[in-house]
Amino acid sequence: MDAAVARAAALDTATLSDALDKLAILGQCYRVSPRDPGFRMTGRAFTVLYAPAAKPAGTVGDYIDRVQPGEVVVLDNAGRDDCTVWGDILTELASIKGIAGTVIDGICRDSAVCVDLGYPVFSRGAWMRTGKDRVQVEAEQVPVTVGGARVAPGDILRGDRDGVVVIPRAHEEAVLAAAEAIARAEEGIRDAVRAGQSITEARAAFGYHRLQSVEGRD
């Protein structure tokens, strides 16, 4: 795990979301959630773009051989909820390879397997109908969209019970620094309140109402 990924792993998605807002970066993957509430995931993106199947149809899953341990598989299926692009065989192979997790703008199936194996899958839902002959891989390692957020190869993905955020590689230092500052301020507020200070005083002391404000905005 590289240093930036380790820093992201130490932060929750809510704090990272606030940092993204502060920097006016859209990185929250709308309505993409974990198949199990206990799933946690951090890693750099290996992206896959899907499109409607041609005739004859192309493949839906051979890319997995090229994903490296610690990476996150990011599948852009345009939010489709009528067919799946991830199932039990891919889950088991990804778990064996040490892949960090899978994020889908769309749905998965065989969700019990990812829960049983403890392999993190984040998607818009689960349903059993296959994507074979319905969709196919259009491209690998290209910018994709997940829940309205742009994901480029190598961007950091962080997932937890609240969902998934994307930290663009070009801005990761700024996002991580802002998130760490927010986390320190919020911990300071909690400590102050535990010590008997009022929430109003504690929030004022740590600048709570400006923590997520866009930089440079009055």
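Values in this text are rule-based calculations from the coordinates and carry no lab data. These numbers were taken from a predicted model, which means no experiment stands behind them. Positions of Cβ are generated from backbone atoms using ideal geometry, with glycine treated the same way; all protein chains shown enter the neighbour counts.
For the chain, adding -39500 (n - 2.57) for each run of n ≥ 4 DSSP H residues and dividing by the number of residues yields -9000 deg cm²/dmol at 222 nm. Looking at region 70-163, the DSSP beta bridges with both ends there are about 30 percent antiparallel.
For region 60-170, the Kirkwood radius over C-alpha pairs fed into Stokes-Einstein at 20 °C and 1.002 mPa s yields D = 153 µm² per second.
Just need the relative contact order of the chain here, percent rounded to a whole number, with Cα pairs under 8 Å and 6+ apart.
Details: 495 pairs, mean separation 68.4, N = 218.
Relative contact order, the chain: 31 percent.
Using alpha carbons only, how many degrees (0 to 90, rounded to 10) separate the axis of helix 172-194 from the longest principal axis of the chain? The two axes meet at around 50 degrees. Were the residues from residue 112 through residue 142 laid out at 0.36 nm apart, the gain over their Cα-Cα distance would be 7.8 nm. Please give the net charge around residue 81, taking every other residue with its beta carbon less than 13 angstrom from that of residue 81, where Lys and Arg add +1 and Asp and Glu add -1. Overall, the nearby charge balance is +4. Could you give the alpha-carbon Rg of the chain over 2.2 N^0.38 Å, rounded to two decimals? Its radius of gyration relative to the 2.2 N^0.38 Å reference: 1.10. Near the amide H of residue 136, within less than 5 Å, lie the amide hydrogens of 51, 53, all on another chain or at least 5 residues away, with H placed in the peptide plane. Computed over the alpha-carbon atoms, region 26-83 gives an Rg to Rh ratio of 0.99, Rh here being the Kirkwood radius from the mean inverse distance. Ordering 95, 113, 41 by Cα displacement along the dipole of the chain toward the positive end leaves 113 in first place; charges were set at the Cβ atoms of Lys, Arg (+1) and Asp, Glu (-1).
Note down the net charge around residue 37, summing +1 for each Lys or Arg and -1 for each Asp or Glu among other residues with Cβ under 11 Å from its Cβ.
Once all neighbours under 11 Å are counted, the net charge is 0.
Compared with the dominant principal axis of the Cα atoms in the chain, helix 13-22 is inclined by about 70°.
Measure nothing fancy, just the Cα-based angle from helix 88-97's long axis to the longest principal axis of the chain, in degrees from 0 to 90, nearest 10. It works out to around 60 degrees.
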